[in-house]
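Below is one structure, written out as structure tokens; the observations come after it.
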Amino acid sequence: MCMVIFAPIFAVCAFATCGGYSGHLRVRVECLDKSQSNLSITINFAYPFRLQQVHFKPTLCEGNRQETIFMVGDYSSSAQFFVTVAVVAFLYSLLATVVYIYYQNKYREGNRGPLVDFVVTVLFAFMWLVSSCAWAKALSDVKSATDPTQVLLLISACRRPANRCSASHHPVWSELNTSVAFGFVNFILWAGNIWFVFKETGWYKTGQRYPMRSASERRANGMSQRLCSQNSFDQSGDSFYQHPYRQASFDLSRESFGQQHYSQGSFNQSMGSLRLPQTSLGQPIIISQGDVTPKGPNPIIFVNDI
């Protein structure tokens, strides 16, 4: 969405501020003879900044003689390269906007459309960077070449101490400075759009289907697999030992059942052992009624004869 809205706007601002620039500077030459002075010498220059073609005619302070002076420098290549990139980027962004809005289904049908869009976006991001840097350097050179101090050094009359030379008007560079700023803004915009275009390609979708794992992730995954296998082995060993435990528990239950019967028998035995103690009375002695004298420790049992 940022590509659709902002790319055409910033591209127009870039080539409009650079391609539509025109500036001028004004110098004055005061000769010793005031009648020969030239108090307003205007020097005009504009895009594409072929300064070697810009000339002006100051006075020589020698009668009515004048000289023709050409400025130094040709910076048209960098300026035209910058404007060309801006114009082509503007046209492509308009085309991309139409495709995104009206032909979205056809754009997503195959992988060719996203791949072409991705390659062109990377190319324009690179071209914006190169053209903006080249134009920034060329603008610095244009400022130096059109500096009134440098221009006054080209005038022969200004080299004489008797004459006085000065600048009455300096060029305004705010528009060209803005064009350089728009160039780098366009680079940031197109470079940021690379990621969004890349997400539409088959390369990104393939990477999402089969994500690449880092070495640390692979090590962690291997360690977790080993831990899982070790836990499963331990669980199988535990289950192996659980069967004898069940058998032992079963045996213990049978023993406890036997112990219950044993305890029941011991209880019955104890109940039987609670009988009264038996006393040994010895051999009974039978005597008659007349004989009542006890003889010995044995008890006496009286028997009535019937």
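Of LEU95, LEU115, LEU129, which residue is open to solvent by 30 Å² or more (accessible area, probe 1.4 Å) and either modelled with pLDDT of 95 or more or in a loop (DSSP other than H, G, I, E, B) (or both)?
On the way: LEU95 fails: either modelled with pLDDT of 95 or more or in a loop (DSSP other than H, G, I, E, B) (or both); LEU115 fails: either modelled with pLDDT of 95 or more or in a loop (DSSP other than H, G, I, E, B) (or both).
Going through LEU95, LEU115, LEU129 in turn, the sole match is LEU129.
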| request: Answer yes if at least one residue in segment 30-40 is under 30 Å from ALA14 (Cα atoms), open to solvent by less than 40 Å² (accessible area, probe 1.4 Å) and small (Gly, Ala, Ser), and no otherwise. | output: no
| request: Filter segment 34-53 for residues that are touching a Gly at 6+ places or on another chain (Cβ under 9 Å) and not in a strand (DSSP E or B) and give the result. | output: GLN36, TYR47, PRO48, PHE49, LEU51, GLN52
| query | If you scan segment 195-212, which residues turn out to be at pLDDT 80 or above and either exposed (fewer than 15 other Cβ atoms within 10 Å of the Cβ) or over 15 Å from LEU115 (Cα atoms) (or both)? | reply | TRP195, PHE196, LYS199
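Of all residues in segment 6-29, count the ones that are surrounded by 20 or more Cβ atoms within 10 Å (Cβ to Cβ) and in a strand (DSSP E or B). Can you show your working first?
The first filter runs over segment 6-29 and keeps only residues surrounded by 20 or more Cβ atoms within 10 Å (Cβ to Cβ), leaving 7, 10-11, 14-15, 17-18, 21, 25, 27, 29.
Filter again for in a strand (DSSP E or B), leaving 25, 27, 29.
Of the residues in that region, 3 qualify.
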| message | Looking at segment 54-84 only, could you name the residues that are touching a Phe, Trp or Tyr at 6+ places or on another chain (Cβ under 7 Å), open to solvent by less than 70 Å² (accessible area, probe 1.4 Å) and assigned to a strand (DSSP E or B)? | response | ILE69
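Residues are listed down the side, and each one gets a yes or a no for (1) touching a residue at least 12 places away in the same chain (Cβ under 8 Å); (2) open to solvent by 70 Å² or more (accessible area, probe 1.4 Å); (3) among the β-branched types (Val, Ile, Thr):
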site: GLN150; (1), (2), (3): no, yes, no
site: LEU154; (1), (2), (3): yes, no, no
site: CYS158; (1), (2), (3): yes, no, no
site: PRO161; (1), (2), (3): no, yes, no
site: ARG164; (1), (2), (3): yes, yes, no
site: VAL172; (1), (2), (3): yes, yes, yes
site: THR178; (1), (2), (3): yes, no, yes
site: PHE182; (1), (2), (3): yes, no, no
site: GLY192; (1), (2), (3): yes, no, no
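The values are calculated or read from the model by the stated rules, or taken from the named source; none is laboratory data. Since the model is a prediction, treat every value here as computed from it, not as a measurement. Methodologically, a virtual Cβ is constructed for each residue, glycine included, from the backbone with ideal geometry; neighbour enumeration extends over all protein chains shown. Ligands, DNA and RNA are excluded from the accessible area calculation, which covers all protein heavy atoms including side chains. Shrake-Rupley method; radii C 1.70, N 1.55, O 1.52, S 1.80 Å.
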